[in-house]
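Below is one structure, written out as structure tokens; comments come after it.
Read-outs: derived from the displayed coordinates by stated rules, not from any lab. On a predicted model such as this, the values are computed, not experimentally measured, just so you know. Because the Cβ atoms are built from the backbone with ideal geometry, glycine has one as well, and the counts that use them run over all protein chains shown.
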Amino acid sequence: MRLQLTPRTRARRLALAATVAAWAFAAAVPGTAAANTEAASRVTLFREPSTNNNGITVIHPQVDAAAGLGSSFHLVAGYQVDIVTGATPVTFGPRSGVDAVSGATHFSDVRHEVKGGFSFDRPSSGLGASYSYGWESDYKSHAISATTHSDLVDHNYTLAVGYTHNFDRVCDNNNEAAGGLIINLQPLSSSAHCFQTMPDVVTHHLSIDTFEPSLTWTATPRLVTQGGATIQILDGFQSNPYRRVLVGTQHRTPQEHMPNFRQRYAAFFRAAYALPDAHASLTGGVRFYRDSWAITAATAEANYNQYLGQSVLLTLRGRYHQQTEASFYRTSGEYQTRGPAGQFWTGDRELSPMSNYLGSLKTAYLKRPGQERSAWFSEIELSAKIEALFYRLDSSDAPNYDRSVAYIGQGSFALRF
Amino acid sequence: MLYQSRSRKKRLRATGFRLQGWNGFAPSDDRTPFLKPEAGSPKPARWLLVACALALLAGGCATAPGLATVKPHQRELLADRIMNLDGDPQERAADQHMLSNREGAVGGSGTAGGGCGCN
């Protein structure tokens, strides 16, 4: 996750090699697989500046390839990397006053993920399975997924169900010396010894089960709607092993301590409406969320897609999210003056009462050969996207109050045969 | 603070936590409740079960015989990429990866391979 300087050049070389391999795979496959072959690469740059330090920068390259073997069987493979650099306070504490927490720790880390899978599609149904493995210096994750879908009533309905299980492992400081007293828990200082048989670190397990049913309804020739739910159960270590929280008036700064068990529920409704006269469409949806840590949230999103001529597609996107705090969350000032809310404490912005707004503009260039039989591809897509994400926190003592906006840039290139 | 209209205590009870009295761990505030999850698993939220029941009911009613359906020759608009609810899967994965690390909520973005019923 952080605090270990990992060679980023190696990650860049790996990403470049994966890109070349994906494109070579796509170029070689058309001779054996006639249709549904695709290679796509994408790079996302995420920048969250801070008023106090260097903020966070993430470079996220992705490459994916898919190939059809016959008319029903498809293979997919992908590779992605997160190259993260930045600075963040190790201790969550007040920003002003006698016990003000100042200074930030610089960190750099790289997370890799490889995935592979297959799908088998029939005219009215299909099923698929995939596996992914993600690793970084202090976190490893194996995930298996299975999905199935079935069309009903003349293809007017699609019932789909997806299930994913994660077998994750997290590195942590060996807190045997704490003697079972959570106020004595000490954070991990470095990931240098993680996943080795060293006495100063331990490995915790985290299992995640995610179940996602959905029902899609083709309501009219212009309108398609979808409703569904997400149920997720997490069981295991979920704290940030590096983070300290200033708790109480006696200058105690134990490691962040969060519950090991969490149940999360989301229900959503989405729709897409065609505007044929304008060569455009409107898509959007709402999501309602609640979990066993007492967070409730509502999210709304709308997209306007507009063709400009035959080859250019413009997409405008707006999104709003609002949530309440977790039951054990307090501001840094409250943790100090009132103490923790029970046996748990956190400095995580995700668990604070907050809202955010996202605005996005995307342009895609699409090249299709039309009826030319000599064309060796069916579509080339080149796209660029810029986004801004604005955070609104309710207190200057909230986590990451110094980072109120994030900028995201994204570019992609896809070739379909 | 957001959502202050609902009391903290009410929200805690609704989500499987109970208040254990007022003499908890807090070093400086005797009003601090000592929170512990209830023994066993918290029950699923009632509102989610109601939403699922309504969705199933709506789906069942809509699939009743005699209701009009969209014919294959009427699906030209629906087959266009701009009518795909999930958008590009690679872009969707990148967006979800970014947002799930910055919000307390997850999910609600459909099932992979859920389709649009437009084939």
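General remarks:
- For a paramagnetic label modelled on B:ARG92 (point 7 Å from Cα along Cα→Cβ), amide N atoms under 17 Å away are absent within the stretch A:378-417.
- Extended-chain gain in nm, criterion 0.36 nm per residue less alpha-carbon gap, A:LEU181 and A:ASN260: 26.8 nm
- Between 0 and 90°, nearest 10: helix A:8-28 axis offset from chain A longest Cα axis: 20
- Within the shell defined by Cβ-Cβ distances under 10 Å, the residues around A:ASN52 carry a net charge of +1, with Lys and Arg each +1 and Asp and Glu each -1.
- Cα convex hull volume per residue for the stretch A:153-234 (Å³): 158
- With K and R counted +1 and D and E -1, the other residues having a Cβ less than 10 Å from that of A:TYR289 yield a net charge of +1.
- Per residue, chain A reaches -2000 deg cm²/dmol at 222 nm when only DSSP H runs of four or more residues are counted, each adding -39500 (n - 2.57).
- Mean shadow area of chain A over all directions, Cα convex hull, nm²: 22.0
- Phi angles of the stretch A:317-332 translate, via the Karplus equation with coefficients 6.51, -1.76, 1.60 and θ = phi - 60°, into HN-Hα couplings of 10, x, 8, 9, 9, 9, 8, 8, 8, 5, 4, 9, 7, 9, 5, 4 Hz per residue; Gly and Pro are given as x.
- Span from the the stretch A:352-400 Cα centroid across to the the stretch A:156-194 one, whole angstrom: 31
- Peptides A:158-171, A:214-227, A:267-280 ranked from most to least packed, by the mean per-residue count of other Cβ atoms within 10 Å: A:214-227, A:158-171, A:267-280.
- Computed from point charges on the beta carbon alone (+1 for Lys and Arg, -1 for Asp and Glu), the dipole magnitude for chain A about its Cα centre is near 700 Debye.
- Local electrostatic count, B:GLY104, Cβ distance below 13 Å [Lys/Arg +1, Asp/Glu -1]: +1
- Förster radius 41 Å - calculated FRET efficiency between A:SER404 and A:THR220, Cβ distance, rounded to 0.05: 0.45
- Each eigenvalue of the Cα gyration tensor of the stretch A:262-302, multiplied by 5 and square-rooted, gives one semi-axis; in descending order these are 32, 7, 4 Å.
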